[in-house]
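In what follows, a single structure is set out as structure tokens and then discussed.
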Amino acid sequence: MTHPPAASSGPDEARARGVDEAAPKFVALIPARLASTRLPDKPLADIGGKPMVVRVAERATAAGAARVAVATDSPRIAEAVSAAGFEAIMTREDHASGTDRLAEAAGKLGLAADQIVVNVQGDEPLIPPPLVRAVAARLAAAGDCAIATAAHPIDVLAQYLDPNVVKVVCDRELRALYFSRAPIPFERDAMAQFPHRLPARLPAGLAPAALPLRHIGLYAYRAGFLDAYPRLTRSPLEALESLEQLRALWHGHRIAVLLADEAPPPGVDTAADLERARAAFAVAGASAPG
């Protein structure tokens, strides 16, 4: 199953392999909570005159989502979202992860099991709408998969070796085999003296799916998987790597991977990130969602 590249329509376009161009009907859910150790009240931070979470909702709308809703445990976030004309879904405060919050919200919406749901993080005000749409299309094209996500080739050795950069290895159908913080795939000859001597280059001459790939934390799910997710036990590999997506692989759920040309703009975790996002909106114009 090989799919053509998605067509480019502007500087934010993710020219991607492994996806059909036609976007399916999908729902965008945005988990958002106020608790943040590095940036308090982050979802409500002002970006060009609107709360960050509203900017994310605008991006999801620009991606072509049939329905956009913010899943939150905060009345303040819900009020801000509703005031901007978007749907807010109140969820419990005790969720262990954003995926658990997403599962509760999807259940409240009463979605059909085959409905595609894209998880757009509430701190991604610069997420390219074409990338959101392409991940939804990737899942629609992979009928044997419960999840779709994205990755892009790593071209910097330091990122390949960085444990904070999550890598993914795929099969020939661009389905995830494994996610890791370790440098994978590991080219035996070039890495023979690792870690005592660092390699001079990245693995080279490989097929696109076998290149070192950096995982992009954007997910599309089938609603049926989200319904089952809270009942999946935590996997040992997930605990070792501190990577939640390994739970799905551990339990036999397949993950389709969209191969994008480059990384999207980073999300907002710190005050410096917030200033960069504000500057980007100031340059692009506050009314242009993407």
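The values are calculated or read from the model by the stated rules, or taken from the named source; none is laboratory data. Treat the numbers as computed from the prediction; the structure is a model and nothing was measured. Note that each Cβ is placed from the backbone with ideal geometry, even for glycine, and that neighbours are counted across all protein chains shown.
Laid out as a table, the results:
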{"read-out": "Of residues in region 158-180 being touching a residue at least 24 places away in the same chain (Cβ under 8 Å) and among the polar types (S, T, N, Q), the one farthest from Ile255 (Cα to Cα)", "value": "Gln159"}
{"read-out": "Criterion: aliphatic (A, V, I, L, M), modelled with pLDDT of 90 or more and farther than 30 Å from Cys145 by Cβ - qualifying residue of Ala88, Ala80, Ala71", "value": "Ala80"}
{"read-out": "Test for Gly85: is it of a type outside the set (A, V, I, L, M, F, W, C), surrounded by fewer than 21 Cβ atoms within 10 Å (Cβ to Cβ), more than 16 Å from the chain's Cα centre (by Cα) and over 28 Å from Leu246 (Cα atoms)", "value": "yes"}
{"read-out": "Top-ranked residue in region 261-271 [being within 17 Å of Tyr219 (Cα to Cα) and out of contact with any Pro (no Cβ under 9 Å at 6 or more places or on another chain); ranked as surrounded by the fewest Cβ atoms within 10 Å (Cβ to Cβ)]", "value": "Pro266"}
{"read-out": "Residues located in region 175-189, provided they are out of contact with any Asp or Glu (no Cβ under 7 Å at 6 or more places or on another chain), surrounded by 18 or more Cβ atoms within 10 Å (Cβ to Cβ) and of a type in the set (Gly, Ala, Ser)", "value": "Ala176"}
{"read-out": "Residue in region 271-288 that is of a type in the set (Val, Ile, Thr) and touching a residue at least 24 places away in the same chain (Cβ under 8 Å) present", "value": "no"}
{"read-out": "Test: residue in region 151-162 that is of a type in the set (S, T, N, Q), at pLDDT 95 or above and within 25 Å of Leu131 (Cα to Cα)", "value": "no"}
{"read-out": "Sole residue being assigned to a helix (DSSP H, G or I), more than 16 Å from Ala60 (Cα to Cα) and touching a residue at least 24 places away in the same chain (Cβ under 8 Å), chosen from Leu102, Leu139", "value": "Leu139"}
{"read-out": "Residue within region 210-217 that is within 23 Å of Gly107 (Cβ to Cβ) and at pLDDT 90 or above present", "value": "yes"}
{"read-out": "Pick from region 204-241, criterion free of Cβ contacts under 8 Å to residues at least 24 places away in the same chain and of a type outside the set (A, V, I, L, M, F, W, C), ranking: farthest from Gln159 (Cα to Cα)", "value": "Arg231"}
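Residues checked against (1) exposed (fewer than 13 other Cβ atoms within 10 Å of the Cβ); (2) in contact with a Cys (Cβ under 8 Å, 6 or more places away or on another chain); (3) part of a helix (DSSP H, G or I):
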position: Gly205; (1), (2), (3): yes, no, no
position: Leu218; (1), (2), (3): no, no, no
position: Asp227; (1), (2), (3): no, no, yes
position: Pro230; (1), (2), (3): no, no, yes
position: Arg234; (1), (2), (3): yes, no, no
position: Val257; (1), (2), (3): no, yes, no
position: Glu275; (1), (2), (3): yes, no, yes
position: Arg278; (1), (2), (3): no, no, yes
